[in-house]
Structures are given as structure tokens and as C-alpha cells.
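Structure first, then comments.
The values are calculated or read from the model by the stated rules, or taken from the named source; none is laboratory data. Bear in mind the structure is a predicted one, so any value in this text is a computation, not a measurement. Heads up, the Cβs are rebuilt from the backbone with ideal geometry, glycines too, and the neighbour counts pull from every protein chain shown.
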Amino acid sequence: VKIINASYEVIYAPTDVLERIELAARTCYKSEDDIAPGTASKMVHMLRDRGHFAMFDHVSASVRFVVDRGVSHELVRHRIAAYAQESTRYCNYSKGKFGGELTFISPCFWGRGSFMRDTWVEAMLNCESLYLTMVHNGASPQEARSVLPNSLKTEIVATLDFTAWRHVFRLRTSKAAHPQMREVMVPLLADFTQRWPEVFNDIKAE
Ligand SMILES: Cc1cc2nc3c(=O)[nH]c(=O)nc-3n(C[C@H](O)[C@H](O)[C@H](O)COP(=O)(O)OP(=O)(O)OC[C@H]3O[C@@H](n4cnc5c(N)ncnc54)[C@H](O)[C@@H]3O)c2cc1C
């Protein structure tokens, strides 16, 4: 059994975000001739202040999340997005490329050595043992997955436009969001804010 922490990686991020938003927005006003050094940043601030977020639909970024299946299930409820996710139908975790073992995401809310964490580890060991026993006795991965828990590690690539990312950050960095969702979304928002402050620095993680 392998137990890892949740993580994310920004795998595609455009380098000309402000310029692309500006170019789209200036079509509305037919003011493309006013484009000059520094005008893109001002334009994006102006759009944000007026709530003209539709212009942010013209740029998108892709993120690879390494999270558990519970978090990924919540993530895919966001409909304005494209996804690609590791398949428990096609991945056979008994094979060598997976080390013949299952990988689980460590819950961020239980300390090492606590009763809850020890109980959880025991449950993961049992799930792994049952899954491997089933596969070794002829079950297909898509059948044996029936015994796999929410804590199973999954990888999911999500591509969203910046309006949609703003919506996701508002919902998923809130205190009402699940702690394991916040575990990846709070640092991701900080990352996006550092890259593109004009687009994201009005959203504050709770
Ligand atoms: C704290 C929290 C608790 C939750 N608890 C539950 C729960 O107990 N049970 C449950 O089922 N879900 C739950 N959810 C998920 C929630 O119901 C939404 O499915 C999820 O947050 C996706 O967000 P969204 O619907 O705003 O829109 P997204 O799919 O992210 O879309 C963004 C926006 O686009 C617009 N939009 C998208 N699709 C359409 C459409 N077809 N027609 C018109 N407008 C559209 C809407 O304005 C929407 O807000 C929870 C979410 C959160 C954050």
C-alpha cells in the first residue's frame, strides 16, 4: 500500500492572459488602436470592477490534481470544464506499473498515530488486500473496483476558463468546502493569484 499527500500541478498556463482578455474586450468598444504597453492590466481591472467577467472566458488553464476519489467526485460537478481522469475500469493496480499495490490519499485532518488515522490505515490495507485477491482470482479491474474506497488516489486534469476558475475558487476555498478540497484549492488560488493578480486577487480564501 502506498499513502501519499494530495497535490496539484498547473500543466498548461497561457503567458499572454491579460493581452488576450484585452484584445477580446476591446472588440466591444472597437478600441483596439488604444492597445499599448500597460493597457492590458488596466483593462482587466476595469472589466473586473464592472463585473464584465464574460471576457475572462477567453483564457483557460489546465491543472492536474492528485486527490482522492471523494474530492474528484465533487470537482466534476463543475460543468463548465473539460476533464480527463484516471480510470478504475482500465487501470489494473495489480500490475507492475502500479507496483502491484494501491495508492491512497492521506486524509489531511487526522494526525499520525491518532486512533482515526490508524483505523483508516487498517481499512485501506483491507481494501487493497480484497481488491488484489479478487483480481488474482479472475475479477476484472472494473469489477474489483467495487471494494475501493473514496480515499483511492486519482489523477484528474481539469481545464477551465478563467470565469469558471473564479467560480470554483469562490465555492471551493470557502470554509463550507470539504477540508480535502480546500487542501488543494487554497494553494492553487494563491498560485493563480500570484501569476495573474488582475484576474484573481479579489477572491480571498477563508
Ligand atoms: C459547500 C458545498 C456543498 C455541496 N453539497 C452538495 C450536496 O450535498 N449535494 C449535491 O448534490 N451537491 C452538492 N454540492 C455541489 C453543488 O450542488 C454544485 O453541483 C457544484 O458546486 C457545482 O457548482 P454550480 O452548480 O454553481 O456550477 P458549475 O457547474 O460550476 O457552473 C458554473 C455556473 O454556470 C451556470 N451553469 C452551469 N450549467 C448550467 C446550465 N445547464 N444551465 C444554466 N446555467 C448553468 C450556473 O450559473 C453555475 O453556477 C455542494 C457544493 C458545495 C460548494
- Item | Test result for ILE3, in contact (Cβ under 8 Å) with a residue 24 or more places away in the chain, assigned to a loop (DSSP other than H, G, I, E, B) and either among the charged types (D, E, K, R) or surrounded by fewer than 18 Cβ atoms within 10 Å (Cβ to Cβ) (or both) | no
- If the Cβ limit is 6 Å and pairs must be 6+ apart or interchain, which residue in the stretch 115-136 that is touching a residue at least 40 places away in the same chain (Cβ under 8 Å) and at negative phi pairs with which residue that is surrounded by 13 or more Cβ atoms within 10 Å (Cβ to Cβ) and part of a helix (DSSP H, G or I)? VAL135/ALA144
- Within the stretch 155-182, count every residue that is surrounded by fewer than 21 Cβ atoms within 10 Å (Cβ to Cβ), more than 11 Å from the ligand (Cβ to nearest atom) and either of a type in the set (Asp, Glu) or over 11 Å from the mean Cα position of the chain (by Cα) (or both). 2
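Of the residues PHE104, PHE65, PHE98, PHE115, only one is in contact with a helix residue (DSSP H, G or I) (Cβ under 9 Å, 6 or more places away or on another chain), away from the ligand (no atom under 16 Å from the Cβ) and at pLDDT 95 or above; which? Even if it seems obvious, please write down each step before you answer.
Values: PHE65 fails: away from the ligand (no atom under 16 Å from the Cβ); PHE98 fails: in contact with a helix residue (DSSP H, G or I) (Cβ under 9 Å, 6 or more places away or on another chain); PHE115 fails: in contact with a helix residue (DSSP H, G or I) (Cβ under 9 Å, 6 or more places away or on another chain).
Being in contact with a helix residue (DSSP H, G or I) (Cβ under 9 Å, 6 or more places away or on another chain), away from the ligand (no atom under 16 Å from the Cβ) and at pLDDT 95 or above holds for just one of PHE104, PHE65, PHE98, PHE115, which is PHE104.
Is it the case that MET43 is touching a strand residue (DSSP E or B) at 6+ places or on another chain (Cβ under 7 Å) and either under 23 Å from PRO141 (Cα atoms) or surrounded by 15 or more Cβ atoms within 10 Å (Cβ to Cβ) (or both)?
Values: touching a strand residue (DSSP E or B) at 6+ places or on another chain (Cβ under 7 Å): no; either under 23 Å from PRO141 (Cα atoms) or surrounded by 15 or more Cβ atoms within 10 Å (Cβ to Cβ) (or both): yes.
For MET43, the condition - touching a strand residue (DSSP E or B) at 6+ places or on another chain (Cβ under 7 Å) and either under 23 Å from PRO141 (Cα atoms) or surrounded by 15 or more Cβ atoms within 10 Å (Cβ to Cβ) (or both) - is not met.
Residue-by-condition table, conditions (1) β-branched (Val, Ile, Thr); (2) under 27 Å from the mean Cα position of the chain (by Cα); (3) more than 16 Å from PHE169 (Cα to Cα):
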site: THR15; (1), (2), (3): yes, yes, yes
site: LEU23; (1), (2), (3): no, no, yes
site: THR27; (1), (2), (3): yes, no, yes
site: SER41; (1), (2), (3): no, yes, yes
site: VAL44; (1), (2), (3): yes, yes, yes
site: SER60; (1), (2), (3): no, yes, no
- Query: So which pairs qualify, if the first residue must be in the stretch 158-172 and farther than 15 Å from SER72 by Cα, the second must be part of a helix (DSSP H, G or I) and acidic (Asp, Glu), the Cβ gap must be under 7 Å, and the two must be at least 6 apart or on different chains?
  - Reply: ASP161/ASP57; THR163/ASP57
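How many residues, within the stretch 178-202, are outside any helix (DSSP H, G or I) and touching a residue at least 40 places away in the same chain (Cβ under 8 Å)?
Pass one, the stretch 178-202, residues outside any helix (DSSP H, G or I): 178, 196, 201-202.
So of that shortlist, the ones also touching a residue at least 40 places away in the same chain (Cβ under 8 Å) come out as 178, 196, 202.
The qualifying residues number 3.
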- In the stretch 183-206, which residue that is farther than 20 Å from LEU47 by Cβ and of a type in the set (Val, Ile, Thr) is surrounded by the most Cβ atoms within 10 Å (Cβ to Cβ)? VAL184
- If we keep only residues of the stretch 69-107 that are among the aromatic types (Phe, Trp, Tyr) and farther than 22 Å from PHE162 by Cβ, then the residue surrounded by the fewest Cβ atoms within 10 Å (Cβ to Cβ) is TYR90
- Only residues in the stretch 18-42 that are at negative phi count as the first member; pair them with residues that are among the aliphatic types (A, V, I, L, M) and not in a helix (DSSP H, G or I), Cβ under 8 angstrom, at least 6 apart or cross-chain, and list the lot. ARG20/VAL59; ILE21/VAL59; GLU22/ILE35; LEU23/ILE35; ARG26/ILE35
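For ALA84, state whether it is under 25 Å from the mean Cα position of the chain (by Cα) and not in a helix (DSSP H, G or I). Even if it seems obvious, please write down each step before you answer.
Working: under 25 Å from the mean Cα position of the chain (by Cα): yes; not in a helix (DSSP H, G or I): yes.
Yes: the conditions hold for ALA84.
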- Message: So, SER140, is that one polar (S, T, N, Q), away from the ligand (no atom under 16 Å from the Cβ) and closer than 21 Å to VAL66 by Cβ or not?
- Response: no
